[in-house]
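Notes follow once the structure below has been shown.
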Amino acid sequence: MSYSGQKTKQEGKDYEASRSYAQSSSSHFMNQQSTELDASQLKLGKEFHEAHCLWNAEVAVILDTVIKRETLSDRNKDLVKTTLDYVNKFKYFPTKEMAKKAREYVEDNTKPDRKGGKPGIDIEQFEVAEMANTGIFQAEEARELLPTVKEKFEGREDELEDFLSGLTEYVG
């Protein structure tokens, strides 16, 4: 920019060209992302395929441990405490032990039994985390609020209800 605060003709052209390029690149990226990623259809990207989705109760345990063990700067300690307050407010499993038992229940009931027993319920960790973090423990509510759950359990509502009923044993 010239010293007078006015754009020269070349600066204006350069600015418009870079702006146009940025908009078209951004638009292309967003269109590509929107077709590839869609949480409502469990299209979460390869990063989430094997991801372990944490529940608020588990995050609370981790943050509590960090506060007790780590030497944090005042700013970081305030941030961790604020985050801990948030997850404590929105966790549905009141203690570390209850969260652990709930997680074990989910693992035992969502994976095929390697000993030849019946396979577990067909539900993804991401879906269970959505329910555990938002307090969705009724099958009807899960089907209404989570499109992938509605699709998966069409005609098999009792299976979902039984799973969620077992999970609620650990809710405080």
Quick one: how many residues across the range 80-91 are among the aromatic types (Phe, Trp, Tyr) and assigned to a helix (DSSP H, G or I)?
1
Determine the pairs where a residue that is part of a helix (DSSP H, G or I), located within the range 92-105, has a partner that is among the β-branched types (Val, Ile, Thr) with Cβ atoms under 6 Å apart, the partner being 6 or more residues away or on another chain.
96/61
When you scan the range 113-123, do you find a residue that is touching a Gly at 6+ places or on another chain (Cβ under 8 Å), at pLDDT below 95 and either part of a loop (DSSP other than H, G, I, E, B) or closer than 30 Å to residue 154 by Cβ (or both), even just one?
yes
Just the residues that are open to solvent by 60 Å² or more (accessible area, probe 1.4 Å) and of a type in the set (Ser, Thr, Tyr), please, taken from the range 74-91.
82, 86
Would you confirm, using the coordinates I've provided, whether residue 137 is part of a loop (DSSP other than H, G, I, E, B), within 25 Å of residue 61 (Cβ to Cβ) and in contact with a Phe, Trp or Tyr (Cβ under 9 Å, 6 or more places away or on another chain)?
yes
With respect to residue 148, determine if the residue is open to solvent by 70 Å² or more (accessible area, probe 1.4 Å), β-branched (Val, Ile, Thr) and either at pLDDT below 90 or part of a helix (DSSP H, G or I) (or both).
no
Give the number of residues within the range 96-112 that are open to solvent by less than 100 Å² (accessible area, probe 1.4 Å) and either under 21 Å from the mean Cα position of the chain (by Cα) or aromatic (Phe, Trp, Tyr) (or both).
10
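The values are calculated or read from the model by the stated rules, or taken from the named source; none is laboratory data. Because the structure is predicted, anything quoted here is derived from the model rather than measured. Cβ coordinates were reconstructed from backbone atoms using ideal geometry, including for glycine residues, and neighbour counts include every protein chain displayed. For the accessible areas, the whole protein counts, side chains as well, though only heavy atoms, and no ligand, DNA or RNA atoms are used. Shrake-Rupley method; radii C 1.70, N 1.55, O 1.52, S 1.80 Å.
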